[in-house]
Structures are given as C-alpha cells and as structure tokens.
Amino acid sequence: MKLVILGGGGFRVPLVHGALLRDAAEASTARVTEVALHDTDATRLAVMQRVLAAQAAAHSAARPGAVVSPPAVTATTDLDTALDGADFVFSAMRVGGLEGRTADERIALDLGLLGQETTGPGGVGYGLRTVPVALDVAERIRRLAPEAWVINFTNPAGMITQAMQTVLGERVVGICDSPLGLAKRAAGVLGHGLDDLEIDYAGLNHLGWLTGLRLDGRDLLPELIADGAALGAIEEGHLFGTEWLQALGSLPNEYLYYYYFTRDAIAQITSAPQTRGEYLVAQQADFYSAVAASRDDAWQRWDAVRRERNATYMQETRESDDGESHERAEADVEGGGYEGVALALMAAIARDEPARLILNVRNGTAVPGLSADAVVEVPCRVDASGPVPLPISALAGHALGLAQQVKAVDELVIRAAVERSRSLAVEAFALHPLVDSVTVARQLLDGYRHRLPEHYAW
C-alpha cells in the first residue's frame with residue numbers, strides 16, 4: 001500500500017513513520033510498503049528523509065533478525081507525483097508555515113483577543129488560507145487516486161475535513177488525539193482500559209465533551225466526577241479545576257479551556273516572553289539547520305527536540321494564579337497519540353480489523369441540532385467500509401449552543417474562502433464567540449491582509 005504524507009517535511013512526520021515501522025514488524029497482511037513525502041520546502045524534505053532513514057536503522061538494530069523490510073520512503077515537491085496511485089493520504093499541511101501560526105497568535109493578541117492557532121480568531125484566519133489549498137488537494141486526489149482514503153490532521157481539522165468532503169465525500173476522515181487521550185486518562189483513574197468501556201463523547205474538533213464511560217451499561221463517569229481527589233489527579237482536573245468539572249458534570253476537551261477561561265488564557269499568553277508559535281519557529285529553525293549541517297545524530301536530535309516540544313505543549317493552560325505551573329504527565333509527554341489513531345484507522349479499513357475510535361466524520365443524525373453535512377467529532381466503529389458513528393447522548397443545551405455557533409463560523413469560513421469574499425470573512429470573525437466586536441472583526445481581517453497578503457489577496 002502507498003501512503004502519501006502531505007506536509008512531509010514537517011517535524012512530526014517521524015511519529016507516523018515510527019508507527020508504520022512497528023506495524024511492519026507485527027502485521028502479516030496489507031501493510032504500508034511505500035511512504036511518499038510531499039512538501040513545498042525541499043530543504044525540510046531532505047532533512048526529514050535523513051531523520052526517517054536514521055529512525056529506520058535504529059528500529060532495525062533494535063530487532064536483529066527481523067525479516068520484514070521497513071516502508072520505502074520517497075520525497076517530492078511535486079504534488080501530482082506524490083498523489084498518483086495513493087491508497088491513503090495523510091494530510092498534515094501547515095499553509096503559511098510557522099510564520100503563519102505566529103500571525104494567527106499575534107494579530108489577535110494585539111487586539112486584546114485570544115491568540116491561538118485553532119481556537120478563536122486564529123482558527124478563522126488559519127482556515128481562510130487553508131481551505132483553498134485543501135480543496136485543490138481534494139480535486140487532485142479525485143483525479144489521481146479516486147479510491148484513496150484521506151486522513152486529515154490539517155488544522156482546523158473539523159473545518160478542513162468538512163471542506164474536503166464536499167469533493168471526496170465520506171472518504172475524508174479527520175483525526176485528533178485529544179479526545180482519546182481525555183477518555184484514556186479518565187478510564188485509567190477509574191482502573192480500566194478503553195477496550196473495556198463504551199465512550200460517550202460528542203462535539204466538534206477541539207470542542208467536545210466526555211459525558212459517559214460505560215461498563216456493561218453502567219456509567220462510571222459520575223463516580224469520577226464526584227471524587228474530587230481522583231478528578232484532581234488527571235490533567236483535566238489541573239486544567240479546569242475540580243469545582244468547575246463537577247458543576248459541568250462532564251469532562252471537556254482541553255481546548256475548551258480557551259472558552260471557559262478566556263481572560264486567564266490571554267493573560268498567561270501575553271505574560272510569556274513569546275507565543276507558542278514564536279517558540280516553535282526558533283526551535284525548528286535550529287533543528288533543521290543543525291541536521292542539514294551535520295551528517296550525525298539526525299534521529300537523536302529529532303527525539304530530543306520532540307521531548308522538549310511535547311513537554312511545553314499548551315503550557316499557558318498549566319499556569320496557576322500564583323504563577324506556578326504543573327508539569328505534564330510523563331505518559332502524555334512520551335505517548336504521542338495521533339499517529340496511533342491514524343494507524344488504527346488505516347488498519348481497520350485496509351485489513352478489516354474493526355476498531356473503535358473518536359473521529360471527525362459527517363454528522364448524519366449522530367449529534368441532534370447540527371446539520372447532516374456538518375463534520376462532528378464522535379466515537380465511531382471502523383471496518384473495511386469506513387467509520388460509522390456509534391450511539392451517543394445528546395449534547396446539553398450550553399454545549400450544543402456553543403457547537404452550533406462555532407460550526408456556523410466554520411461554514412462561513414469555507415464559503416468565504418471559496419467565494420473569496422471579504423464580507424463573509426468579516427462575518428466569520430465577528431460571529432465567533434471569542435470575538436467581541438464587528439469592528440474588531442474587520443481589524444482582524446485587515447491585520448491578516450497586511451501581514452500575509454499572499455494568502456488574503458481578495
């Protein structure tokens with residue numbers, strides 16, 4: 001099977017490659033034998049090829065006598081060449097690069113708003129420049145690999161998945177590791193693995209709630225919600241506080257911190273010497289230049305930078321009122337996550353190995369109150385025919401209202417990008433719940449047009 005990775009020069013590609021190496025050692029049928037990396041940056045592609053070669057060598061050295069070869073890796077800056085004959089396409093593009101991410105953060109922060117890459121005005125700006133590229137990719141896939149499945153990790157993941165589905169239908173599936181990570185932590189503190197439980201989770205990407213964990217029909221989540229000590233021991237207890245979680249009666253996705261504690265998040269981000277995007281720009285520039293300049297230690301350099309990067313993920317959400325911060329759990333730092341979801345999804349489809357995953361899929365009737373074509377994030381059963389949403393509880397009024405508003409913004413962004421409409425773009429910014437003024441919405445769009453004119457020249 002041929003897997004194409006869009007954004008193939010990106011820093012997290014070795015996570016997917018590592019999952020494929022492990023699968024090559026364990027799977028007896030229908031595994032990925034070819035990985036085609038695509039990126040617009042030839043230098044980053046060359047660096048990533050070296051990292052993956054060193055990773056494969058380290059993997060083989062740790063398993064002497066293995067008879068299964070690792071996937072062959074190729075790289076190209078030509079999109080059509082990469083896509084031709086693909087069985088799966090993993091999309092992890094970042095249109096505008098990390099410089100675009102810093103714009104998503106700083107343009108909003110300079111106007112007193114939340115500056116974050118997928119949540120709030122930053123997600124609107126990110127979507128406006130990404131949707132046209134994603135639609136072009138979808139059209140090319142329809143022409144060059146019409147039977148391929150697209151696994152979308154490109155953010156804002158729900159919005160981009162929905163845009164690509166207008167071309168390719170339900171063969172586009174969005175993934176994220178946050179929901180399963182949340183469910184895994186909750187199950188673990190209750191003394192169970194996820195295989196034991198039915199997960200009740202619903203919402204949108206980066207905007208969902210865990211409302212139940214059922215064992216043989218009995219919901220265990222209320223026991224966790226009622227136990228302040230157990231609740232305080234997991235990441236969500238640190239993040240939201242046990243009192244707020246008990247008031248909600250559910251466990252929110254970590255990104256809901258930006259909605260429930262907006263002022264706190266803005267204060268914490270602005271008090272830091274640099275934004276997350278600015279930190280990553282510097283870190284990755286150092287990494288790529290160091291690997292390009294040296295013939296040694298490509299894999300070890302990457303792994304060290306990965307650990308540092310993971311340990312500082314969403315750092316602003318772990319600051320307490322007294323300025324102290326708690327560290328991420330070691331399992332969260334080491335665990336990765338999205339690459340496991342991607343591999344499980346591919347195995348379920350290609351090898352008909354049924355799996356239960358939380359995915360971004362077409363709603364149908366899964367979440368009442370949202371349109372049938374809306375892409376939602378819900379538990380699914382996946383087999384060779386693809387994902388099918390599992391029964392879930394209806395969202396509570398406050399949660400459904402927030403999801404409806406954010407989904408309406410997603411759909412406005414898609415329309416604005418397709419129609420190249422300034423008025424629709426302003427409307428999308430203005431109607432987002434984290435933007436407090438139409439005047440500010442206009443200033444946001446003007447900020448993007450000034451800072452990144454090549455992406456907003458309409």
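The values are calculated or read from the model by the stated rules, or taken from the named source; none is laboratory data. Computed from a predicted model, the values in this text were never measured in an experiment. Here the Cβ is made from the backbone with ideal geometry for all residues, glycine too, and neighbour counts use every protein chain on show. Note: areas computed on protein heavy atoms with side chains; ligands, DNA, RNA excluded. Shrake-Rupley method; radii C 1.70, N 1.55, O 1.52, S 1.80 Å.
Under 13 Å from a point 7 Å along the Cα-to-Cβ line of V438: which residues of segment 390-423 have their amide N that close? Hits in segment 390-423 for V438 at 13 Å: 423.
When only Cα pairs under 8 Å and 6 or more residues apart are kept, what is the percent relative contact order across the chain?
Values: 789 pairs, mean separation 76.9, N = 458.
Contact order relative to length: 17 percent.
Compared with the direct C-alpha span, the chain from R142 to A304 gains 54.4 nm at full extension, assuming 0.36 nm per residue.
Can you pull the Rg over Rh of segment 167-273, Cα-only, Kirkwood? Intermediate values should be presented prior to the final figure.
Values: Rg = 15.3 Å, Rh = 14.9 Å.
Rounded to two decimals, Rg/Rh equals 1.03.
Between T43 and D195, what length in nm is gained on full extension when 0.36 nm per residue of separation is reduced by their alpha carbon distance? Display every interim value, and only then the final one.
Working: separation 152, 0.36 × 152 = 54.72 nm, distance 4.20 nm.
Roughly 50.5 nm would be gained on extension.
Phi-derived couplings, Karplus 6.51 cos²θ - 1.76 cosθ + 1.60 at θ = phi - 60°, listed residue by residue for segment 230-247: 5, 5, x, 7, 9, 4, 5, x, 5, 6, 9, x, 5, 4, 5, 5, 5, 5 Hz, with x used for Gly and Pro. With θ taken as phi - 60° and the Karplus curve 6.51 cos²θ - 1.76 cosθ + 1.60 applied, the whole-hertz 3J(HN,Hα) list for segment 162-176 is 5, 5, 5, 5, 5, 9, 10, x, 7, 7, 9, 10, x, 10, 7 Hz, x standing for glycine and proline.
Assuming R0 = 22 Å, can you tell me the calculated FRET efficiency for the pair Q274 and H450, based on Cβ-Cβ distance, to the nearest 0.05? Please list the in-between numbers first.
Working: r = 21 Å, r/R0 = 0.96.
Plugging the Cβ-Cβ distance into 1/(1 + (r/R0)^6) gives 0.55.
The amide H of T154, built 1.01 Å from its N in the peptide plane, has S91, M93 as neighbours under 5 Å, considering only residues 5 or more places off or on other chains. Think of the chain as a dipole: +1 on every Lys or Arg Cβ, -1 on every Asp or Glu Cβ, centred on the Cα centre; then among V378, L98, T270, L98 lies furthest on the positive end.
Over the residues of the chain, the helix contribution to mean residue ellipticity at 222 nm works out to -16000 deg cm²/dmol, using -39500 (n - 2.57) for each DSSP H run of at least 4.
Calculate what fraction, in whole %, of the accessible area of the chain sits on carbon and sulfur atoms when a 1.4 Å probe is rolled over the protein chains. Before the final figure, lay out each step's value.
On the way: 9170 of 18330 Å².
That fraction is 50 percent.
Between A394 and A311, the simple spin-label model (points 7 angstrom out along Cα→Cβ) gives 4.8 nm.
To the nearest Å, what is the center-to-center distance of segment 365-394 and segment 123-199, using C-alpha atoms only? Taking the Cα centre of each part, segment 365-394 and segment 123-199 sit 13 Å apart. Each of L168, A53, A396 was scored by the projection of its Cα onto the charge dipole of the chain, and the greatest displacement toward the positive side belongs to L168; charges sit on the C-beta of Lys, Arg, Asp and Glu.
Arrange the residues D104, D436 by how much accessible surface each exposes, largest first, with a 1.4 angstrom probe.
D436, D104
The alpha carbon centroids of segment 272-287 and segment 411-441 are separated by 28 Å. Taking label positions 7 Å along the Cα-Cβ direction at both Q283 and L431, the computed distance is 3.6 nm, reported to one decimal. Can you give me the Cα centroid spacing of segment 201-271 and segment 17-77 in angstrom? Cα centroid of segment 201-271 versus Cα centroid of segment 17-77: 37 Å apart.
Please compute the contact order of segment 380-435 in relative form: average sequence separation of alpha-carbon pairs under 8 Å and at least six residues apart, divided by the residue count, as a percent.
Details: 35 pairs, mean separation 14.0, N = 56.
Value for segment 380-435: 25 percent.
Using the alpha carbon gyration tensor of segment 94-216, what are the three equivalent-ellipsoid semi-axes (square root of 5 times each eigenvalue), largest first, in whole Å?
Working: eigenvalues 175, 107, 20 Å².
Three semi-axes, in Å: 30, 23, 10.
The label-point distance for A226 and T29, in a model that sets each label 7 Å from Cα toward Cβ, rounds to 4.7 nm. Rolling a 1.4 Å probe across all protein chains gives H17 an accessible area of roughly 10 Å².
Solvent exposure of H455, expressed as accessible area, is near 50 Å², computed with a probe of 1.4 Å over the protein chains only. Evaluated at q = 0.07, 0.08 Å⁻¹, a Debye calculation over the C-alpha positions of the chain (equal weights, vacuum) places log10 I(q)/I(0) at -0.34, -0.44. For segment 353-368, 3J(HN,Hα) computed residue by residue from phi via the Karplus equation (6.51, -1.76, 1.60; θ = phi - 60°) reads 9, x, 9, 10, 9, 9, 10, 9, 9, 4, 5, x, 10, 4, 10, x Hz, glycine and proline entered as x. If you plug the beta carbon distance of D264 and Q405 into 1/(1 + (r/R0)^6) with R0 = 22 Å, you get a FRET efficiency near 0.55. Binning the C-alpha pair distances of segment 26-72 at 10 Å intervals from 0 yields a P(r) profile of 22, 46, 26, 6 %, listed from the shortest bin outward.
For segment 225-277, the alpha carbon positions stretch 38, 18, 15 Å along the principal axes, listed from largest to smallest.
Using the Cα atoms as the points, what is the convex hull volume per residue of segment 190-252 in Å³?
Cα convex hull per residue, to the nearest whole number: 88 Å³.
Give the average over all directions of the projected area of the C-alpha convex hull of segment 31-176, one decimal, in nm².
On the way: hull surface 39.9 nm².
Computed as one quarter of the Cα hull surface, the answer is 10.0 nm².
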